[in-house]
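Colleague: Okay, handing you the structure first.
What follows is calculated from the coordinates using simple rules that are stated; it is not laboratory data. None of the values given here were measured: they were computed from a predicted structure.
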Amino acid sequence: MHISDTRLQQVLATRGIEVGILIFPDVEELDFTGPLEVFSVAARMARTHRHPPFRVSTIAADTAAVPARHGLTVIPRARFAEHPAPDLLVIPGGVMDQPLGDRRTLDWVRAAAESAALTASVCTGAFVLAELGLLDGLSATTHWEDIADLRRQYPQVNVLEDVPYVDEGAIVTSAGISAGIGMSLHLVGRVLGHDAALRTARQMQYDWTAAERAAA
């Protein structure tokens with residue numbers, strides 16, 4: 001068991017794990033709604049815990065409406081200044097100009113990742129982690145269209161392609177868009193066990209393929 005899993009189990013013994021999902025202008029919808037659905041369904045289906053094992057929040061710089069990439073407008077549940085430090089931090093992708101160019105967002109992600117037991121990215125969310133140096137010396141992945149850019153911009157990262165996600169213990173990165181669902185199921189399995197992840201996938205009618213399970 002990785003030390004990050006030990007920390008999450010310690011949290012789980014007393015309360016639900018705070019899952020914080022960053023949202024920002026032009027965020028890719030499925031990048032954040034996929035993990036939100038997985039952790040929410042897993043929490044609802046948990047049968048052996050005194051409290052829901054996950055408490056999921058979308059978090060942004062403020063609580064004004066956030067325009068997502070394909071026209072959906074999202075009201076964040078919390079803003080940076082008021083949300084408890086996430087135990088499990090999720091950085092989605094999308095058009096990354098705003099998060100990569102906004103000092104307040106980068107500072108919050110850095111602080112949140114430092115205190116979180118586990119940090120995960122979906123798609124181009126890996127660029128935020130790489131920009132902060134959190135992927136230095138590690139293997140990581142992103143959307144197939146962005147593999148070359150991630151390699152070129154961050155040569156200190158071992159960028160892998162043709163994999164659904166890469167688990168480096170305290171940091172997990174996933175490939176494009178729907179790959180965040182498989183990664184999130186993998187994280188549910190790390191925290192609650194493989195059977196809980198399978199039940200969650202079945203409830204969502206998500207085909208958690210043999211390749212994804214093998215990557216776990």
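Colleague: Please compute the Kirkwood hydrodynamic radius over the chain, one decimal place, Å, based on all pairs of different Cα atoms.
Modeller: Across the chain, the inverse of the average 1/r is 16.9 Å.
Colleague: A further question follows. Return the long-range amide H neighbours of residue 56 (sequence gap of 5 or more, or a different chain), with a cut-off of under 5 Å between placed amide H atoms.
Modeller: Hits under the 5 Å cutoff: 19.
Colleague: Based only on the alpha carbon positions, what is the Kirkwood hydrodynamic radius of segment 161-213, in angstrom?
Modeller: Kirkwood radius, segment 161-213: 11.2 Å.
Colleague: Per residue of segment 108-125, what does 6.51 cos²θ - 1.76 cosθ + 1.60 with θ = phi - 60° give for ³J(HN,Hα)? Whole Hz please, x for Gly and Pro, Karplus curve as stated.
Modeller: For segment 108-125, the Karplus-derived couplings read 5, 4, 4, 5, 5, 5, 5, 8, 6, 6, 8, 10, 10, 10, 10, 6, 6, x Hz, x marking Gly and Pro.
Colleague: Counting each DSSP H run of 4 or more residues in the chain as -39500 (n - 2.57), what helix-only mean residue ellipticity at 222 nm follows after dividing by all residues, to the nearest 500 deg cm²/dmol?
Modeller: The helix contribution divided over the chain gives -12000 deg cm²/dmol.
Colleague: What is the set of long-range amide H partners of residue 68 at a cut-off below 5 Å, with H atoms built 1.01 Å from backbone N?
Modeller: Excluding prolines and chain starts, which carry no amide H, the hits are 26, 73, 74.
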